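Peer 1: First, the structure itself, so that you have it in front of you.
The values are calculated or read from the model by the stated rules, or taken from the named source; none is laboratory data. Worth saying up front: this structure is predicted, and the values here are computed from it rather than measured. Counting neighbours? That spans all protein chains shown, and the Cβs are built from the backbone with ideal geometry, glycine included. For accessibility, only protein heavy atoms count, side chains too; no ligands or nucleic acids. Shrake-Rupley method; radii C 1.70, N 1.55, O 1.52, S 1.80 Å.
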Amino acid sequence: MTEVTWSLEMAEKRGYPHFMLKEIYEQPRSLRNALRLQHQYLDLLTAFLDRGRELFLVAAGTSYHACLAASYMFSKLAKLTTYPVVSSEFVERYGASVGIDSIVLTVSQSGETYDTLRAVDHARMRAATVLGITNTVGSTLTRVARAYVIQQSGPEIGVAATKTFTSQLLVLAQLALRLARTRGKVSQDEIDDLEAKLVEVPSFVERTLEGQAEHVEALARKYADERLFLFLGRGVSSATALESRLKVLEITYVPSLAYPAGESKHGPISVVEEGVPCIFICPRGETRRDIVGSIMEMKARGARIIAVCEEGDEGIIDLSDDHIEMPRGVPELLSPIIYVVPLQLLAYHLATAKGLDPDKPRNLAKSVTVP
Ligand code: G6P
């Protein structure tokens, strides 16, 4: 006889100490699910998107960061003017200008976030076309959106969203690519190339988890007592920086800053002094040259540089105190889906190193259904 020492809750965690860690590791699978969505729904959403004069991407929290990253995809690939906006600001900022030619694509894991649904109500009243991406079948969002797609991530219990973020982005990337193909604004080769890489996203994430998990855990122990982190990235990586900072804030309570790196000299640089850890997101691509400049700027003021960069990128590695190596061949536009993963892990291990429970962050709820 062997006595099973697992509690029911632990059994649900399938041996992982926390739901958050389990959900981080589920990402290769949830991403594969996001690649198997039914084509007719993606086609329908694409047809609506194509009719818009402008696109508003409306969401809260982590879902907003998915929208922020996706806004670069829609603008660059489909050449559609795209405004990412947090739900609670939508009515104030765009309420008077949104109209029949506007597409409002709302992203909500729960499909129940109060501010997001309020933005949807307003957009519908102004005759805009409301579309949705959600993880929750039967949620209010699915009832009020003209068309929607379920991202198929499976239940997410951890308050800090992880697998639902990467899947939202993978769905958004598929939509941006479909729209780009429909509109014919980008070369066939570029689209073919990105579509081929899209299919590889789950295995890029798998390789990152396999190759970097132990190293990231060691980094978390090394930096566990820091009182401030800076997260910097350029272009689409500024969304990765914001989302990674949010993970750290939510579960470690360490006040941290995230900025587009180009903006760092307009403020954040003033808090940099000897030893402040500065996490740079540095995929290969158009922004790489400028990010090197930003790293040098921070280094000159004594910051300790932790770079998340491509394996073998000696130019960046030489400038860094520590680095996290990402697989080769990730296109910059898709990089947030993969580069955020080791930083989710970093936040997780920072929290546990501090003795905090990452599944139960203080004052936060999984779903905010009240004003
Ligand atoms: C809360 C959760 C976040 C989530 C946000 C938006 O703040 O703690 O993890 O990103 O709500 O939720 P939604 O369900 O609309 O994506």
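Peer 1: Determine, yes or no, whether VAL330 is within 16 Å of the ligand (Cβ to nearest atom), in contact (Cβ under 8 Å) with a residue 40 or more places away in the chain and either of a type in the set (S, T, N, Q) or over 20 Å from ALA224 (Cβ atoms) (or both). Spell out how you get there, then give the answer.
Peer 2: Details: within 16 Å of the ligand (Cβ to nearest atom): no; in contact (Cβ under 8 Å) with a residue 40 or more places away in the chain: yes; either of a type in the set (S, T, N, Q) or over 20 Å from ALA224 (Cβ atoms) (or both): yes.
So VAL330 fails the test.
Peer 1: Same structure again: Please verify whether GLU112 is at negative phi, in contact (Cβ under 8 Å) with a residue 60 or more places away in the chain and among the acidic types (Asp, Glu), treating the condition exactly as stated. Walk me through it before giving the result.
Peer 2: Details: at negative phi: yes; in contact (Cβ under 8 Å) with a residue 60 or more places away in the chain: yes; among the acidic types (Asp, Glu): yes.
Against the criterion (at negative phi, in contact (Cβ under 8 Å) with a residue 60 or more places away in the chain and among the acidic types (Asp, Glu)), GLU112 qualifies.
Peer 1: Kindly evaluate ARG93 against the criterion of being out of contact with any helix residue (DSSP H, G or I) (no Cβ under 7 Å at 6 or more places or on another chain), more than 20 Å from GLN174 (Cα to Cα) and not hydroxyl-bearing (Ser, Thr, Tyr). Even if it seems obvious, please write down each step before you answer.
Peer 2: Values: out of contact with any helix residue (DSSP H, G or I) (no Cβ under 7 Å at 6 or more places or on another chain): yes; more than 20 Å from GLN174 (Cα to Cα): yes; not hydroxyl-bearing (Ser, Thr, Tyr): yes.
It is true that ARG93 is out of contact with any helix residue (DSSP H, G or I) (no Cβ under 7 Å at 6 or more places or on another chain), more than 20 Å from GLN174 (Cα to Cα) and not hydroxyl-bearing (Ser, Thr, Tyr).
Peer 1: Continuing with this model, one more query. All but one of (1) assigned to a helix (DSSP H, G or I); (2) within 14 Å of the ligand (Cβ to nearest atom); (3) open to solvent by 50 Å² or more (accessible area, probe 1.4 Å) hold for GLU112, so report the exception by its number.
Peer 2: Of (1) assigned to a helix (DSSP H, G or I); (2) within 14 Å of the ligand (Cβ to nearest atom); (3) open to solvent by 50 Å² or more (accessible area, probe 1.4 Å), only one is false for GLU112: (1).
Peer 1: Then there is this: How many residues does segment 65-109 hold that are among the acidic types (Asp, Glu) and within 16 Å of the ligand (Cβ to nearest atom)? Steps first, answer last, please.
Peer 2: Taking segment 65-109 as the starting set, the residues that turn out to be among the acidic types (Asp, Glu) are 89, 92, 101.
Restricting the remaining residues to those that are within 16 Å of the ligand (Cβ to nearest atom) gives 89.
Going through segment 65-109 one residue at a time, the tally reaches 1.
Peer 1: Now a separate question. Is it the case that some residue within segment 78-90 is open to solvent by less than 10 Å² (accessible area, probe 1.4 Å), in contact (Cβ under 8 Å) with a residue 40 or more places away in the chain, over 21 Å from LYS163 (Cα atoms) and in a helix (DSSP H, G or I)? It would help to see each step written out before you state the result.
Peer 2: Of segment 78-90, the ones open to solvent by less than 10 Å² (accessible area, probe 1.4 Å) are 78, 80, 85, 87, 90.
Applying the additional criterion that residues be in contact (Cβ under 8 Å) with a residue 40 or more places away in the chain yields 78, 80.
Those left that are additionally over 21 Å from LYS163 (Cα atoms): 78, 80.
After this cut, where a residue has to be in a helix (DSSP H, G or I) as well, the list is 78.
Looking through segment 78-90, at least one residue is open to solvent by less than 10 Å² (accessible area, probe 1.4 Å), in contact (Cβ under 8 Å) with a residue 40 or more places away in the chain, over 21 Å from LYS163 (Cα atoms) and in a helix (DSSP H, G or I).
Peer 1: Does VAL330 meet the test of being part of a loop (DSSP other than H, G, I, E, B) and within 24 Å of ALA70 (Cα to Cα)?
Peer 2: So VAL330 passes the test.
Peer 1: Which residue pairs have Cβ atoms under 8 Å apart, sit 6 or more places apart or on different chains, and have a first residue in segment 233-255 that is within 18 Å of CYS282 (Cα to Cα) and a second that is open to solvent by 10 Å² or more (accessible area, probe 1.4 Å) and of a type in the set (Phe, Trp, Tyr)?
Peer 2: So the pair list comes out as GLY235/TYR72; VAL236/TYR72; SER238/TYR259; ALA239/TYR72; ALA241/TYR259.
Peer 1: Shifting gears a bit: Could you list, in sequence order, all residues of segment 220-276 that are within 16 Å of the ligand (Cβ to nearest atom), surrounded by 24 or more Cβ atoms within 10 Å (Cβ to Cβ) and not in a helix (DSSP H, G or I)?
Peer 2: ALA258
Peer 1: Could you list all residues from segment 61-77 that are surrounded by 24 or more Cβ atoms within 10 Å (Cβ to Cβ) and either out of contact with any Leu (no Cβ under 9 Å at 6 or more places or on another chain) or of a type in the set (D, E, K, R) (or both)?
Peer 2: SER63
Peer 1: Still on this structure: Contact list please: Cβ distance under 7 Å, first residue in segment 138-155 and among the hydrophobic types (A, V, I, L, M, F, W, C), second residue surrounded by fewer than 17 Cβ atoms within 10 Å (Cβ to Cβ) and part of a loop (DSSP other than H, G, I, E, B), pairs at least six apart or on different chains.
Peer 2: ILE150/VAL137
Peer 1: Under 6 Å by Cβ, and 6 or more places apart or on different chains, what pairs join a residue from segment 347-368 that is farther than 15 Å from PRO255 by Cβ with one that is exposed (fewer than 15 other Cβ atoms within 10 Å of the Cβ)?
Peer 2: Taking only residues 6 or more apart or on different chains, the pairs are ALA353/ARG221.
Peer 1: Tell me, yes or no, whether segment 181-197 has at least one residue that is under 18 Å from the mean Cα position of the chain (by Cα) and buried (at least 23 other Cβ atoms within 10 Å of the Cβ). Step through it out loud before you land on a result.
Peer 2: Step one: list which residues in segment 181-197 are under 18 Å from the mean Cα position of the chain (by Cα), which gives 197.
Among the residues that remain, those that are also buried (at least 23 other Cβ atoms within 10 Å of the Cβ) are: none.
No.
Peer 1: Among the residues of segment 135-172 satisfying the criterion of being charged (D, E, K, R) and within 13 Å of the ligand (Cβ to nearest atom), which is nearest to ALA239 (Cα to Cα)? Walk me through it before giving the result.
Peer 2: Our first condition is that a residue be charged (D, E, K, R); within segment 135-172, this holds for 143, 146, 156, 163.
Filter once more, so that each one left must be within 13 Å of the ligand (Cβ to nearest atom): 156, 163.
Working: GLU156: 21, LYS163: 16 Å.
Once the filter is applied, the top-ranked residue is LYS163.
Peer 1: In segment 118-143, how many are within 14 Å of VAL58 (Cβ to Cβ) and open to solvent by 30 Å² or more (accessible area, probe 1.4 Å)? So that I can check it myself, show each step before the final result.
Peer 2: Going through segment 118-143, the residues within 14 Å of VAL58 (Cβ to Cβ) turn out to be 118-124, 126, 128-134, 141.
Restricting the remaining residues to those that are open to solvent by 30 Å² or more (accessible area, probe 1.4 Å) gives 118, 121-122, 124, 126.
Number of matching residues: 5.
Peer 1: Sort out which residues of segment 347-371 are among the hydrophobic types (A, V, I, L, M, F, W, C), over 14 Å from GLY158 (Cα atoms), away from the ligand (no atom under 14 Å from the Cβ) and open to solvent by 10 Å² or more (accessible area, probe 1.4 Å), and write them in order of number.
Peer 2: Selection gives ALA353 alone.
Peer 1: Now for a different question. What residue, of ALA119, ALA66, ALA70, is touching a residue at least 40 places away in the same chain (Cβ under 8 Å), of a type outside the set (Phe, Trp, Tyr), over 16 Å from LEU175 (Cα atoms) and outside any loop (DSSP other than H, G, I, E, B)? Step through it out loud before you land on a result.
Peer 2: Details: ALA66 fails: over 16 Å from LEU175 (Cα atoms); ALA70 fails: over 16 Å from LEU175 (Cα atoms).
Exactly one residue qualifies, and that residue is ALA119.
Peer 1: Continuing with the same structure: Report the residue count in segment 277-294 for those that are assigned to a helix (DSSP H, G or I) and either of a type in the set (Asp, Glu) or surrounded by fewer than 23 Cβ atoms within 10 Å (Cβ to Cβ) (or both).
Peer 2: So the first thing to find is which residues in segment 277-294 are assigned to a helix (DSSP H, G or I), and the list is 288-294.
With either of a type in the set (Asp, Glu) or surrounded by fewer than 23 Cβ atoms within 10 Å (Cβ to Cβ) (or both) added as a condition, the list becomes 288-290, 292-293.
The number of residues fulfilling the criteria is 5.
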